[in-house]
Amino acid sequence: MANNDEKKDEIEIRTISVKGVSSDIYKKIHKIAMETGKTIGQITDEAYKNFISSVENARTISQSFMDGLKQGSSQYIENIKELEISKVDLEELNRKVIFRNIDNLTLKDLDNDSFDRYVSGIIQVKNLNIPKKLSKAKVIVKCNFVDKINVIG
């Protein structure tokens, strides 16, 4: 029984051929493989994963943009090294905001309702600090290019 479970968890690897790869690209991949000690298949696999990730991120950003247009314009709070913002601060703005390009962002005392009501997105933030009472899942859905999320308090 354990062997069947192990086989389900294994990644299927088989020989495939890819038509239409230019010789120039193949040579570059071969060189990278030689330099890193990996196989051409491993390098190609990593390249495919990175490409797929880039496409998915572009779709997410595009979808966030379209959602923003549908919901009306949001106020951008951006290009700040360090910012601590509270529920009261957001209530005073009385509109949705997008936090962008902030090194350290702390959402001081936001709860799930105020987060949903006032935060449209969090983009390009190095360190995001959120309170325990705020659902990490709700936050992650509105994040793009956030390096680290810390739960505080």
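Just so you know, all these numbers are worked out from the coordinates, no wet-lab data involved. Since we're looking at a predicted model, the values are computed, not measured. Using ideal geometry, Cβ is built from the backbone for each residue, glycine included, and neighbour counts are taken over all protein chains shown.
Length gained on full extension, GLU56 to THR39: 3.5 nm, using 0.36 nm per residue less the C-alpha separation. Largest first, the three principal axis extents of the alpha carbons in the chain are 60, 46, 31 Å in whole numbers. Here the gap between VAL88 and PHE65, fully extended at 0.36 nm per residue and compared with their Cα-Cα distance, gives a gain of 5.7 nm. Classify region 22-72 as rounded, prolate or oblate, taking a ≥ b ≥ c as the square roots of the eigenvalues of its Cα gyration tensor: rounded when a/c is under 1.5, otherwise prolate if a/b is larger than b/c and oblate if not. It is prolate, given that a/c is not under 1.5 and a/b is the larger ratio. By other beta-carbon atoms within 10 Å, ranking THR44, THR15 with the fewest at the front produces THR15, THR44. When LEU134, LEU83, LEU110 are sorted by how many other C-beta atoms sit within 10 angstrom of their C-beta, beginning with the fewest, the order is LEU83, LEU134, LEU110. Pairs exceeding 18 Å between alpha-carbon atoms, taken from LYS49/LYS142; LYS108/LYS138; LYS87/LYS126; LYS81/LYS148: LYS49/LYS142; LYS87/LYS126.
Taking the fewest neighbouring Cβ atoms within 10 Å as the starting point, the ordered list for VAL119, VAL18 is VAL18, VAL119. Think of the chain as having a plus end and a minus end, set by charges on the Cβ of Lys, Arg, Asp and Glu; of VAL55, ILE16, ILE123, ILE16 sits farthest toward the positive end of this dipole. Estimated from the Cβ-Cβ distance and a Förster radius of 25 angstrom, the FRET efficiency linking ASP109 and ASN79 is about 0.55. For the options ILE32, ILE130, ILE85, a Gaussian network treatment of the chain with springs between C-alpha atoms closer than 10 Å singles out ILE32 as fluctuating the most.
When only the Cβ of Lys, Arg, Asp and Glu is charged (+1, +1, -1, -1), the dipole of region 22-72 relative to its Cα centre reaches about 80 debye. May I ask for log10 I(q)/I(0) of region 73-152 at q = 0.24, 0.25 Å⁻¹, from a Debye sum over the Cα atoms as equal point scatterers with solvent left out? Listed by q, the Debye log ratios stand at -1.23, -1.35.
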